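Encoded as structure tokens, the structure appears first; notes follow it.
The values are calculated or read from the model by the stated rules, or taken from the named source; none is laboratory data. In this text, all values refer to a predicted model and were calculated from it rather than measured experimentally. Virtual Cβ from ideal backbone geometry, glycine too; neighbours counted across all protein chains shown. Heads up: the accessible areas ignore ligands, DNA and RNA and are worked out on the full protein's heavy atoms, side chains in. Shrake-Rupley method; radii C 1.70, N 1.55, O 1.52, S 1.80 Å.
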Amino acid sequence: MGSEPPPPLPEWASEPCIMGIDEAGRGPVLGPMVYGCLYCALSYQKTLSTLSFADSKTLKEEKREELFENLKADESIGWAVDVIDPRELSDKMLRKNKINLNEISHESAMGLIRKALNLGVLLTEVYLDTVGDTEKYRVKLSERFPNIKFVVAKKADSLYPVVSGASIVAKVTRDRALRDWLPDETADLSRNFGSGYPGDPQTKAWLEDHKHSVFGFPSLVRFSWGTCTSYSKDFVDVLWESDAADGDESGKSSKRQKKLTSAGFTTVKKRSEDIESSGKGRCKFFQARKLELLSQF
């Protein structure tokens, strides 16, 4: 079966439109980071300012939920989210060619803009909270989308109602993601993890109770965060079979291993494909069955 066609574009989307973008969950060590956007016709901007949108951090959870349901029901408003999984955040920040959090944030925001444009929304103005240097961020956005006017400002979620609305979209989406979290792990995990911020005593206690000496942390945890480093001192080093085989054949113990203290594992600097092609690091399962890697068929 093919994917469902996108919903029809509302008539107002062909008029000049504004968009606000904001995030929720940049700082926590637990859960996803969520970028949300809200957009509407420029002519609807005055009405938008009467809808009681405010910086989501200043609102109680019940009020945020109420406002989110109201904006979802408003046919003069469009919205979208980008939910970035904690494993994706850690993967990007720990890979050889690291992608820092600011770059991840920039790409998420630009992805939301691109998504709206691809739907056919006539975006003419976009308002965002600053991430990194304000002017550099604005120039970066303008170079990518030269036909759009960008306003990048500190505390944009308290200055512009369209960003306040985006803040609510992002915050409620993240809160629901945490509330509905289903662990990939088979173990029975407690959900009493507090706010997820590194300084929260309840979050600290949850991390301490749910660390594993071999497997690290549950999938909810951003193990690339510095907060996790102090919990990894009791983790065991893992020597992979391929590493041991490589060391045995050379007659030396492998000293090329570099400990990933944030996750409690060790690895080698030599590329896995080089090890595989040499035959030195081939798993015993493949060696016993005389199986080899074929690059051509």
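Using a 1.4 Å probe, what is the accessible area per residue for the stretch 147-235, in Å²?
Details: 4450 Å² over 89 residues.
Averaged over the residues of the stretch 147-235, the accessible area is 50 Å².
Report the gain in length on full extension from Arg26 to Ser219: 0.36 nm times residue separation, minus Cα-Cα distance, nm rounded to one decimal. Kindly include the intermediate steps, with their values, before the conclusion.
On the way: separation 193, 0.36 × 193 = 69.48 nm, distance 1.69 nm.
Length gained, Arg26 through Ser219: 67.8 nm.
How much length, in nm to one decimal, is gained on full extension between Asn102 and Tyr197, taken as 0.36 nm per residue of separation minus their Cα-Cα distance? Write down the numbers at each step before the final one.
On the way: separation 95, 0.36 × 95 = 34.20 nm, distance 1.83 nm.
Contour length minus the Cα-Cα distance gives 32.4 nm.
What distance in nm separates the simple spin-label points at Glu75 and Ser158, each placed 7 Å from Cα in the Cβ direction?
Distance between the two pseudo-spin positions: 3.7 nm.
Relative contact order for the stretch 111-189 using alpha-carbon pairs under 8 Å, separation at least 6, rounded to a whole percent?
On the way: 62 pairs, mean separation 19.9, N = 79.
Normalised by residue count, the contact order of the stretch 111-189 is 25 percent.
How much of the accessible area of the stretch 8-153, in percent, comes from carbon and sulfur atoms when a 1.4 Å probe is used? Present the calculation step by step, with values, prior to reporting the outcome.
Working: 3620 of 7220 Å².
The value for the stretch 8-153 is 50 percent carbon and sulfur by accessible area.
Which residues does the label zone of Asn147 cover in the stretch 96-129, counting backbone N under 11 Å from a point 7 Å along Cα→Cβ?
Taking a point 7 Å out along Cα→Cβ of Asn147, the residues of the stretch 96-129 whose backbone N falls under 11 Å are 117-118, 120-124.
Can you pull a Stokes-Einstein diffusion coefficient for the stretch 81-144 at 37 °C (0.692 mPa s), Rh from Kirkwood over Cα pairs, as a whole number of µm²/s? Don't skip to the end; give the middle numbers.
Numbers: Rh = 13.1 Å.
It comes out at roughly 250 µm²/s.
Note down the magnitude of the dipole of the stretch 41-95 about its Cα centre, charges +1 on Lys and Arg C-beta and -1 on Asp and Glu C-beta and zero elsewhere, to the nearest 20 debye. Walk me through the intermediate numbers first.
On the way: 9 positive and 12 negative charges, 52 e Å.
Computed about the Cα centre, the dipole is about 240 debye.
Using the charge dipole of the stretch 58-133 (Lys, Arg: +1 at Cβ; Asp, Glu: -1 at Cβ; taken about the Cα centre), state which of Asn102, Gly120, Leu71 has its Cα farthest towards the positive end.
Farthest towards the positive end: Asn102.
Using Cα pairs closer than 8 Å and at least 6 residues apart in sequence, work out the relative contact order for the stretch 71-207, in percent.
On the way: 105 pairs, mean separation 22.5, N = 137.
Relative CO of the stretch 71-207 lands at 16 percent.
How do Lys154, Lys149, Lys96 stack up against each other in accessible area, from largest to smallest, with a 1.4 angstrom probe?
Numbers: Lys154 145, Lys149 115, Lys96 190 Å².
Ranked from most to least accessible, the order is Lys96, Lys154, Lys149.
Counting DSSP beta bridges with both partners in the stretch 1-156, what percentage is antiparallel, nearest 5?
On the way: 16 of 26 bridges.
Around 60 percent antiparallel, to the nearest 5.
Quick one: dipole size for the stretch 1-91, taken about the Cα centre, charges +1 on Lys/Arg Cβ and -1 on Asp/Glu Cβ, in debye to the nearest 20. Spell out each step's value before the answer.
Working: 8 positive and 17 negative charges, 62 e Å.
Roughly 300 debye, rounded to the nearest 20.
Just list whichever of Lys92/Lys155; Lys72/Lys204; Lys96/Lys149; Lys96/Lys154; Lys96/Lys171; Lys96/Lys140 have alpha carbons separated by over 29 Å in the model shown. Walk me through the numbers before you get to the answer.
Working: Lys92/Lys155 27 Å; Lys72/Lys204 35 Å; Lys96/Lys149 35 Å; Lys96/Lys154 32 Å; Lys96/Lys171 31 Å; Lys96/Lys140 24 Å.
Exceeds cut-off: Lys72/Lys204; Lys96/Lys149; Lys96/Lys154; Lys96/Lys171.
From the protein chains alone at 1.4 Å, what is the descending order of accessible area for Glu292, Glu135, Glu23, largest first?
Ranking Glu292, Glu135, Glu23 by accessible area, largest first, yields Glu292, Glu135, Glu23.
Between Arg95 and Lys63, what length comes free when the chain is fully extended (0.36 nm per residue of separation minus the Cα-Cα distance, one decimal in nm)? Don't jump to the answer; show the numbers that get you there.
Values: separation 32, 0.36 × 32 = 11.52 nm, distance 3.96 nm.
Using 0.36 nm per residue and subtracting the Cα-Cα distance, I get 7.6 nm.
Per residue, how large is the accessible surface of the stretch 1-74? Use a 1.4 angstrom probe and give square angstrom. Don't skip to the end; give the middle numbers.
On the way: 3960 Å² over 74 residues.
Dividing the accessible area of the stretch 1-74 by its residue count gives 53 Å².
How would you classify the stretch 28-126 from its alpha-carbon gyration tensor, with a ≥ b ≥ c the square roots of the eigenvalues: rounded for a/c under 1.5, else prolate if a/b is greater than b/c, otherwise oblate? Can you show the working numbers first?
Numbers: a/c = 2.79, a/b = 1.52, b/c = 1.83.
Taking the square roots of the gyration eigenvalues as a ≥ b ≥ c, the stretch 28-126 is oblate.
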